[in-house]
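Following: one structure in structure tokens, then a few remarks.
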Amino acid sequence: MAENKIIIGASLGNCVHVAGIYRFLSLAEEYQYTSYFLGPAIPINQLIQCIKEKKPQRVIVGYRLSDNSARTLFTELRRQLDNNHLLDQSTFILSCTPALEPIAQSVGVFQYIFSGKESFDEILESIHQTPQDIPLDKKYPSTLPERILAKKPFPLLRHHFGRPSVEETIKGVAQISRSKTIDVISLGPDQNAQEFFFEPEKMKVDESGAGGVPIRSREDLERIYAASREGNYPLLRCYSGTNHLEDWAQLLYETIHIAWGAVPLTWYSRLDGRSQRSIQSAIAENQKAMQRYAALGVPLEVNESHQWSLRDAPDSVACAAFFLAAYNAKKVGAKHYIAQYMLNTPNGISPRADLAKMFAKKEFIAPLQDKDFTIYTQTRGGLAHFSTNMNIAKGQLGASTALGLVLKPDIIHVVGYSEADHLIYPHELIESAEIVQGVMKDLLFDFPDLEKDQVIQAEKKRLINEAKTLLEAIKNIQQPGDGDDPWVSPATLARAIQKGILDAPHLLGNPEACGHVRTRIINGILRIVDQSGKIIEEKDRLKNYLES
């Protein structure tokens, strides 16, 4: 039988401010508490009587008036709790102004004192844990699935971080950890490390620190991980490298206990110029890296789809690539899969069209989930979406976060407001996380279900049908010797890119791709168009690869 958990809430004395108390009780109900709201301006003896009757696990009281009155009130509360032997029977929480916090601390009644500066972690801890002697592995679980479960109904917050020196990065990771604002720190190594960590003789010395932290040794990673062992003990992860991806997987598993691996399916190749691997060999090596993460029991993300959208590929291509990414992850034996939904991409897409694409992706991969393959939803703002004007970018961060909440994310990948301008500093990262927390405080619960919007429904259905057409075309170009499954075959998938089935306008001129597809945003929706600008469907674009 489930524990009957009870929480009581009231504002004390002559204080009538109850909004914060009421919201806190609503949150506690999400954690299966039965709540009793006594109302504003409740006398202490009435509160004591209710505690005697209900025997609550939690009691939250509010007082937001003068210092002198607060001291008298809190002292009297302590006296009555002592006289009735109730002080140790419940966890007592106070909502007050910052000025009253030291007074409340001196009285010794409250295990938690909230004055508006507290983090989500502290709020959640006050609801479902006790502050004394909590084992760190229970307070801050060390695996992604456990961490997601522990923080629900709030999503985890993740952010990239990597300054141009290892020492600066270590100091920043420690500062971020102490802030308790980020649950997952994603290390961003410089391009030298990503491409040539295992071939250091090929590194370009004049580009050290370009784009991220210049990781040059196992010890660098171990020191960064050690710096994160304070505050809320955030999980760590890292870019997967653009060469030697299997070796990177093993290294990151052993040094930073990587929370999940992120590997592309077709990219980090000649397709994007981030390595000199052919597309076919890149796919094969990327799949082996996926297998390594799966064998190590590490959750997996295949960050494929948004790479196409960043290059103005049709939304149908993005949806098909999204399916192929999840499909390949399942085929290599991954048990936990992180599906990343990059919003605002390409620039100019309308919110309705954006959500339709995301809902199409989500519905398209849903049948893959079963008892052996759990899918987590991760949302983020668009990489090229943010302004270099910091104030505008802060607004865009709030807007993209709000849009992403519609998808009910397990993880929010926070894109810091300053990232369009420079490598983010720790204080900017913390501020960005707090902006996202502010959005969640207002919008996380009882947000309207926008998926029911008729325009979104129609566009979602169209995109799913278009993506199915594209996947069928990939099946039809399979050749003898490609293997049994065209959707995991490096040869078939590389051929699909070469023939322009998987295509994007920005790939024009790439000798290993096609680049002939044309797209335009029409009425807020990214559509495929012919040379005259007329909208065409995938069945027309791919007619040479579809059975009659």
Number of the condition not met by Glu246 [criteria: (1) outside any helix (DSSP H, G or I); (2) within 25 Å of Val263 (Cα to Cα); (3) touching a Lys or Arg at 6+ places or on another chain (Cβ under 6 Å); (4) not hydroxyl-bearing (Ser, Thr, Tyr)]: (1)
Residues that are crowded, with 24+ Cβ neighbours inside 10 Å, of a type outside the set (Ser, Thr, Tyr) and closer than 16 Å to Asp354 by Cβ, drawn from the range 290-316: Trp308, Ala313, Pro314, Asp315
Qualifying positions in the range 417-449 - farther than 20 Å from Leu156 by Cβ and surrounded by fewer than 16 Cβ atoms within 10 Å (Cβ to Cβ): Asp421, His422, His427, Asp446, Pro448, Asp449
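A quick yes/no check of all residues on (1) under 22 Å from Gly524 (Cβ atoms); (2) in contact with a Lys or Arg (Cβ under 6 Å, 6 or more places away or on another chain); (3) free of Cβ contacts under 8 Å to residues at least 60 places away in the same chain; (4) not in a helix (DSSP H, G or I):
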| site | (1), (2), (3), (4) |
| --- | --- |
| Val455 | yes, yes, no, no |
| Ala473 | no, no, no, no |
| Asp485 | no, no, no, yes |
| Ala494 | no, no, no, no |
Any hit, the range 490-508, residues being out of contact with any strand residue (DSSP E or B) (no Cβ under 8 Å at 6 or more places or on another chain), within 17 Å of Val317 (Cα to Cα) and acidic (Asp, Glu): yes
Single match in Leu542, Leu508 (criterion: among the aliphatic types (A, V, I, L, M) and in contact with a Ser or Thr (Cβ under 7 Å, 6 or more places away or on another chain)): Leu542
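When the residues of the range 4-56 are narrowed to those that are in a helix (DSSP H, G or I) and in contact (Cβ under 8 Å) with a residue 60 or more places away in the chain, which ends up farthest from Asn68 (Cα to Cα)? Steps first, answer last, please.
At the first step, the residues of the range 4-56 found to be in a helix (DSSP H, G or I) are 19-30, 44-54.
In the following step, the residues that additionally are in contact (Cβ under 8 Å) with a residue 60 or more places away in the chain were identified as 20-21, 24, 26-28, 30.
Numbers: Gly20: 22, Ile21: 22, Phe24: 26, Ser26: 31, Leu27: 31, Ala28: 31, Glu30: 36 Å.
Filtering first and then ranking leaves Glu30.
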Restricting the range 226-252 to residues that are within 20 Å of the chain's Cα centre (by Cα) and modelled with pLDDT of 95 or more, the residue that is farthest from Ile176 (Cα to Cα): Leu252
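Does Ile375 qualify as being among the hydrophobic types (A, V, I, L, M, F, W, C) and in a helix (DSSP H, G or I)? Before you say what the answer is, go through the steps one by one.
On the way: among the hydrophobic types (A, V, I, L, M, F, W, C): yes; in a helix (DSSP H, G or I): no.
In short, no.
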Qualifying residue in the range 104-117 (condition: of a type in the set (Gly, Ala, Ser), closer than 26 Å to Tyr417 by Cβ, part of a loop (DSSP other than H, G, I, E, B) and touching a helix residue (DSSP H, G or I) at 6+ places or on another chain (Cβ under 8 Å)): yes
Residue in the range 125-137 that is out of contact with any helix residue (DSSP H, G or I) (no Cβ under 6 Å at 6 or more places or on another chain), crowded, with 16+ Cβ neighbours inside 10 Å and either among the charged types (D, E, K, R) or in a loop (DSSP other than H, G, I, E, B) (or both) present: yes
Among the residues listed as Glu451, Glu419, Glu466, the single one being within 21 Å of Ser177 (Cα to Cα) and either touching a residue at least 24 places away in the same chain (Cβ under 8 Å) or part of a helix (DSSP H, G or I) (or both): Glu419
Some residue of the range 392-400 being of a type in the set (Ser, Thr, Tyr) and in a loop (DSSP other than H, G, I, E, B): no
Failed condition for Val18, given (1) of a type in the set (Val, Ile, Thr); (2) farther than 26 Å from Ala150 by Cβ; (3) touching a Lys or Arg at 6+ places or on another chain (Cβ under 7 Å): (3)
Counted residues, the range 379-416 - those being surrounded by 22 or more Cβ atoms within 10 Å (Cβ to Cβ) and touching an Asp or Glu at 6+ places or on another chain (Cβ under 7 Å): 2
Test: residue in the range 269-289 that is acidic (Asp, Glu), within 25 Å of Val415 (Cβ to Cβ) and buried (at least 18 other Cβ atoms within 10 Å of the Cβ): yes
Selection count where residues are modelled with pLDDT of 95 or more, farther than 14 Å from Glu363 by Cα and either in the same structural domain as Arg23 (by TED's automatic domain parsing) or not hydrophobic (A, V, I, L, M, F, W, C) (or both), scope the range 435-470: 3
Positions within the range 508-548 being under 16 Å from Ala494 (Cα atoms) and basic (Lys, Arg), in sequence order: none
Hey, Leu221 within 25 Å of Ala329 (Cα to Cα) and either under 19 Å from the mean Cα position of the chain (by Cα) or not polar (S, T, N, Q) (or both) or not: no
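On the basis of being within 25 Å of Gln437 (Cα to Cα), at pLDDT 95 or above and either of a type in the set (Phe, Trp, Tyr) or surrounded by 13 or more Cβ atoms within 10 Å (Cβ to Cβ) (or both), does Glu122 make the cut?
On the way: within 25 Å of Gln437 (Cα to Cα): yes; at pLDDT 95 or above: no; either of a type in the set (Phe, Trp, Tyr) or surrounded by 13 or more Cβ atoms within 10 Å (Cβ to Cβ) (or both): yes.
Here the answer is no, as Glu122 does not meet what is asked.
The values are calculated or read from the model by the stated rules, or taken from the named source; none is laboratory data. Since the model is a prediction, treat every value here as computed from it, not as a measurement. Cβ coordinates were reconstructed from backbone atoms using ideal geometry, including for glycine residues, and neighbour counts include every protein chain displayed.
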